[in-house]
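The values are calculated or read from the model by the stated rules, or taken from the named source; none is laboratory data. Worth saying up front: this structure is predicted, and the values here are computed from it rather than measured. Accessible surface is based on the protein model in full, side chains and every heavy atom, while ligands, DNA and RNA are left aside. Shrake-Rupley method; radii C 1.70, N 1.55, O 1.52, S 1.80 Å.
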Amino acid sequence: VQLQASGGGLVQAGGSLTLSCAASGRTFSDYAIGWFRQGPGKEREFVARISQGGSNRNFADLVKERFTISRDNDKSTASLQMNSLKPEDTAVYYCAASRTRGPALIPAWYDSWGHGTQVTVSS
C-alpha cells in the first residue's frame, strides 16, 4: 500500500491541526494505520495507532489526552486530529501501515511508510 501524509504546517502553541493519510494500491482495511513522528535530533517515536476496523486505538502517553485518530475505510484515509499543540510536538509526522493485528507500537512492525509532513508549533 502506498501512503501520502498531508496537513502539516505552522501553528501556535495551543492550536490544532489535522493530519491526513491517503492510501492507494492495496485493500486499506487490511492494514492498521500508525502515526509516528521524528523531532530534530530525535529518534522516530510512536504517536497513535488505529486497528484495521477502527475499533481499537492506541496512543503515546504524551499525546493521549490531546490527539485523536480515525479512519474511513471506504475512502482509504486516516486522520490524526491534534489539539492543544505544544512546541515539543514539533516534528515530521509519518503515517504507516501494518498488517499486524495486535497493537503495533514500534516502526519495525510497519510495512509501508508515507513521506512525512512537517508540523511546527511556535511558542
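Contour minus end-to-end for ARG57 and ARG101, with contour as 0.36 nm per residue of separation and end-to-end as the Cα-Cα distance?
Values: separation 44, 0.36 × 44 = 15.84 nm, distance 1.18 nm.
Using 0.36 nm per residue and subtracting the Cα-Cα distance, I get 14.7 nm.
What does the accessible area of GLU45 come to, in Å² to the nearest 10, when a probe of 1.4 Å is used?
Approximately 70 Å² for this residue.
Can you work out the accessible area per residue across the chain, with the rest of the protein chains kept in place, probe 1.4 Å, in square angstrom? Could you put the intermediate results ahead of the total?
Details: 6200 Å² over 123 residues.
On a per-residue basis, the chain sits at 50 Å².
Carbon and sulfur together cover what percent of the accessible area of the stretch 31-97 at a 1.4 Å probe radius?
On the way: 1300 of 3050 Å².
The C+S portion of the solvent-accessible surface of the stretch 31-97 is 42 percent.
List the lysines whose alpha-carbon lies under 24 Å from that of LYS86, not counting same-chain residues fewer than 8 positions away?
The reachable lysines, counting only those whose Cα sits under 24 Å from LYS86, are LYS42, LYS64.
For SER55, SER16, what's the largest-to-smallest order of accessible area, 1.4 Å probe?
On the way: SER55 95, SER16 60 Å².
Solvent-accessible surface, decreasing: SER55, SER16.
Give me the mean projected area, in nm² to one decimal, of the convex hull enclosing the Cα positions of the chain. Walk me through the numbers before you get to the answer.
Details: hull surface 26.4 nm².
Approximately 6.6 nm², given one-decimal rounding.
Would you kindly state how much longer the chain becomes between GLN81 and THR27 on full extension, computed as 0.36 nm times their sequence separation minus their alpha carbon distance, in nm to one decimal? Write out the running numbers ahead of the final one.
Numbers: separation 54, 0.36 × 54 = 19.44 nm, distance 2.35 nm.
Residue separation times 0.36 nm, minus the Cα-Cα distance, leaves 17.1 nm.
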